[in-house]
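Coordinate-derived values only; no laboratory data. This structure is a prediction, so every number in the text was calculated from the model and none was measured. With ideal geometry, Cβ positions are generated from the backbone for all residues, glycine too; neighbour counts draw on all protein chains shown.
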Amino acid sequence: VPDDLLLGLKFIFGPSAVPALDLVDQRSVTRVRAPSGRTLYQVLGSSGKLYTCYSSCHFCTCPAFGFSVLQKSESLLCKHILAVYLSQAMGACQELAVSEEQLTNILLAEEEDEG
């Protein structure tokens, strides 16, 4: 990534830019796709926890998204969502094809974690 683009990312996305690029470099972003075409992204965070991101509705299950984006409105997005967008643009997503049942299980597991 050229330096001028890195500066632009850092200017727009602040402190999320460099950690997001690190996640992309580490190939931590996986696009999970079911036969129906439903898609979600899973990002292995720097802490080793797996977060689910929905680029279609701009949402991440990480605590930073809930706090900095939703509650405080201090950021546009978290590093995980930015990593999803960057990995899409750079063609750096891992790909995982799952059944509809497996995708449902991923979604239900996220719901249980939150509740």
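Quick look at the values:
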| item | result |
| --- | --- |
| Net +/- balance of residues flanking V18 in space, Cβ distance below 15 Å, scoring K and R +1, D and E -1 | -1 |
| Mean separation of Cα contacts under 8 Å, 6 or more apart, over the residue count of the chain: relative contact order % | 30 percent |
| Sum of side-chain charges, E100 neighbourhood, beta-carbon under 13 Å (Lys, Arg +1; Asp, Glu -1) | +1 |
| Scaled radius of gyration (Cα, divided by 2.2 N^0.38 Å) that region 54-110 gives | 1.29 |
| Spacing of the two label points (7 Å from each Cα toward its C-beta) at R38 and I12, in nm | 3.0 nm |
| Per residue, the convex hull volume that the Cα atoms of the chain enclose (Å³) | 101 Å³ |
| Computed label-point distance, nm, for sites S99 and D4 using a 7 Å Cα→Cβ extension | 5.1 nm |
| Residues with amide H under 5 Å from that of Q94, placed H, sequence gap 5 or more | V29, T30, R31 |
